[in-house]
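The values are calculated or read from the model by the stated rules, or taken from the named source; none is laboratory data. Fair warning: this is a prediction, and the values are worked out from it, not measured in the lab. Methodologically, a virtual Cβ is constructed for each residue, glycine included, from the backbone with ideal geometry; neighbour enumeration extends over all protein chains shown. Protein only, heavy atoms only, side chains kept; ligands, DNA and RNA dropped before computing areas. Shrake-Rupley method; radii C 1.70, N 1.55, O 1.52, S 1.80 Å.
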Amino acid sequence: MSMNTIEENRSRNLLGDRDEVWLFGYGSLIYLVDFPYLESKPASIEGWSRRFWQGSHDHRGTVENPGRVVTLIEQPGEICGGLAFRVEAPVFAQLDEREKNGYLRVASEMTFDDGSNATGLTYLASADNEAYLGEASEYEIAQHICGAQGPSGTNSDYLLELALALRELGLQDDHVFEIERHILQIQEQTTPTSR
Ligand code: SIN
């Protein structure tokens with residue numbers, strides 16, 4: 001799949017004639033909310049896990065030195081918590097631009113904290129996109145992240161801000177928190193101590 005998913009997302013027409021749609025955010029969409037929305041609330045999706053397996057050429061890395069950002073991996077029985085936003089349909093043009101490096105809009109069934117459900121959309125970067133990096137250990141991912149940055153900032157800030165936002169939502173994510181632990185250790189080892 002092409003490196004730029006804007007056209008593909010536009011032509012998918014998953015919005016139908018709906019004026020507003022629930023968007024499930026599980027990565028930077030949770031803590032970097034630079035788009036208009038009508039309402040937001042915690043939500044989760046079943047059968048998926050958040051993983052730092054997607055490459056970033058345009059936000060937290062470059063084509064020559066990609067960063068690592070999150071995507072969703074299908075895992076029966078797992079629950080991925082995040083934040084859902086009710087957005088007006090035209091906002092997806094802006095979101096498509098932001099998520100253009102490999103993410104496609106897919107239909108997503110989400111559950112809110114009160115037990116109610118909604119079918120909305122989420123951005124998913126599948127294994128067949130050109131920026132996909134795939135599985136690595138949490139330590140390897142942490143090392144990779146510590147060496148990457150792009151136009152949106154350092155790759156480590158992406159992870160640390162996500163970890164913070166997940167904690168604020170009361171969510172546990174072993175994968176993210178383990179990478180965070182390694183990153184903080186690496187940063188401690190590489191930051192010169194003052195005497
Ligand atoms: C998301 O946050 O839902 C998608 C991935 C990202 O933009 O970090």
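One residue stands out among those in segment 17-39 that are open to solvent by 50 Å² or more (accessible area, probe 1.4 Å) and at pLDDT 95 or above: the one that is farthest from Y158 (Cα to Cα), which is E20. Residues in segment 162-175 that are in contact with a Gly (Cβ under 9 Å, 6 or more places away or on another chain) and open to solvent by 10 Å² or more (accessible area, probe 1.4 Å): L169, G170, L171, Q172, D173. Quick check on my filter: what residues within segment 127-152 are out of contact with any Leu (no Cβ under 9 Å at 6 or more places or on another chain) and farther than 20 Å from R181 by Cα? Within segment 127-152, A127, D128, E130, A131, Y132, L133, G134, G150, P151 meet the criteria.
Just one of the numbered conditions (1) within 16 Å of the ligand (Cβ to nearest atom); (2) surrounded by fewer than 17 Cβ atoms within 10 Å (Cβ to Cβ); (3) within 21 Å of L166 (Cβ to Cβ) is not true of L14: (3).
Is it true that some residue in segment 72-88 is farther than 27 Å from F177 by Cβ and open to solvent by 10 Å² or more (accessible area, probe 1.4 Å)? Yes: one or more hits.
Yes/no matrix, rows are residues, columns are (1) in contact with a helix residue (DSSP H, G or I) (Cβ under 9 Å, 6 or more places away or on another chain); (2) closer than 12 Å to R68 by Cα:
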{"position": "Q143", "(1), (2)": "yes, yes"}
{"position": "A163", "(1), (2)": "yes, no"}
{"position": "G170", "(1), (2)": "no, no"}
{"position": "H175", "(1), (2)": "yes, no"}
{"position": "Q187", "(1), (2)": "yes, no"}
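Scanning segment 102-125 for residues that are among the polar types (S, T, N, Q), open to solvent by 10 Å² or more (accessible area, probe 1.4 Å) and within 12 Å of the chain's Cα centre (by Cα) turns up nothing.
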